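> Take this structure, written in structure tokens, and hold onto it; I'll ask about it next.
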Amino acid sequence: MNASELRDKSTEELEQTLLELSRDRFSLRMERSTGQLSQPHLLRENKKDIARVKTVLRQKANETSETESA
């Protein structure tokens, strides 16, 4: 998931993506704790995707606050 792809999405779509990624992270963590996770790199990728989505959401929030105050 690229940051450029995320910037094209609306805030609602980003929030939905964040919710899906959080659910995926939970299930990956549960698989890891039970020893069923065969691809541990997915945890790291998922965590970074969540950070990307949060960053883009924050940038969009800052853009809207700057335009409102100007």
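No lab work stands behind these numbers, since they all come straight from the coordinates. Small disclaimer: the values here were computed from a predicted structure and weren't measured. Virtual Cβ from ideal backbone geometry, glycine too; neighbours counted across all protein chains shown.
> Determine ³J(HN,Hα), in whole Hz, for all residues of the stretch 16-28 in sequence, where each value follows from phi through the Karplus function 6.51 cos²θ - 1.76 cosθ + 1.60 and θ = phi - 60°; x replaces Gly and Pro.
Once θ is set to phi - 60°, the couplings for the stretch 16-28 become 5, 4, 4, 5, 5, 5, 5, 5, 4, 5, 4, 5, 5 Hz.
> Separate question: Here are a few candidate values for Rg/Rh (Cα atoms, Kirkwood Rh): [x] 1.02; [y] 1.19; [z] 1.12. Which one was actually calculated from the structure I just gave you?
Read-out from the structure maps to [z].
> Run the reach check for Lys60 against lysines, Cα to Cα strictly under 16 Å, same-chain hits fewer than 8 apart removed. What comes back?
Lys9
> Now a separate question. Hey, got the dipole for the chain? About the Cα centre, +1 on K and R Cβ, -1 on D and E Cβ, debye to the nearest 20? If you can, show how the numbers build up before the last one.
Values: 13 positive and 13 negative charges, 101 e Å.
Using Cβ point charges on Lys, Arg, Asp and Glu, the chain gives about 480 debye.
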